[in-house]
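A.B. asks: One structure, as structure tokens, below. Some questions next.
The values are calculated or read from the model by the stated rules, or taken from the named source; none is laboratory data. For clarity, every value in this text was computed on a predicted model and none was experimentally measured. Glycine also receives a Cβ, built like all others from the backbone with ideal geometry; neighbour counts cover every protein chain displayed.
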Amino acid sequence: MSAAVPELKQISRVEAMRLSSHLTEGPHRVVAHLYARQLTLEQLHAVEISAVHSRDHGLEVLGLVRVPLYTQKDRVGGFPNFLSNAFISTAKYQLLFALKVLNMMPEEKLAEAVAAATEKQKKALEKLLPSSS
């Protein structure tokens with residue numbers, strides 16, 4: 001990461017705060033760790049720029065993602081809509097946990113967004129699989 005942007009030193013786990021670890025049971029046991037580190041806007045831009053020069057660029061499904069931390073007037077657009085996407089393993093729970101413990105979004109707003117995302121997914125499933133009544 002620092003090769004592409006020399007002024008950005010490598011972010012180490014020591015400098016980041018470990019928020020959680022999850023063990024996924026099953027045939028492929030995975031331990032997922034979640035770290036957080038506060039960055040300045042300039043540091044964030046440097047991370048984003050250096051990401052496209054990384055050895056693994058293009059191999060990830062999405063790469064870096066900016067999470068919309070707002071809800072539009074329709075109460076679905078923005079964060080609730082983002083939550084209705086498919087997440088791998090514990091990623092959605094890690095995101096919600098981080099937003100809560102880092103005080104980035106009030107707990108009631110998180111609950112509203114989860115409820116709106118769940119309702120959106122439920123409606124989509126109902127369209128795909130109409131009940132036979």
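A.B. asks: Considering (1) farther than 23 Å from Glu15 by Cα; (2) aliphatic (A, V, I, L, M); (3) in contact with a helix residue (DSSP H, G or I) (Cβ under 7 Å, 6 or more places away or on another chain), say which one Ala86 fails and leave the rest.
C.D. replies: (3)
A.B. asks: When you go through (1) among the small types (Gly, Ala, Ser); (2) part of a loop (DSSP other than H, G, I, E, B); (3) modelled with pLDDT of 85 or more one by one for Ser20, which number turns out not to apply?
C.D. replies: So the condition that Ser20 fails would be (2).
A.B. asks: Okay, next question. Just wondering, is there one or more residues in the range 92-103 that are at pLDDT 90 or above, in contact with a Leu (Cβ under 9 Å, 6 or more places away or on another chain) and farther than 30 Å from Lys123 by Cβ?
C.D. replies: Scanning the range 92-103 turns up at least one residue that is at pLDDT 90 or above, in contact with a Leu (Cβ under 9 Å, 6 or more places away or on another chain) and farther than 30 Å from Lys123 by Cβ.
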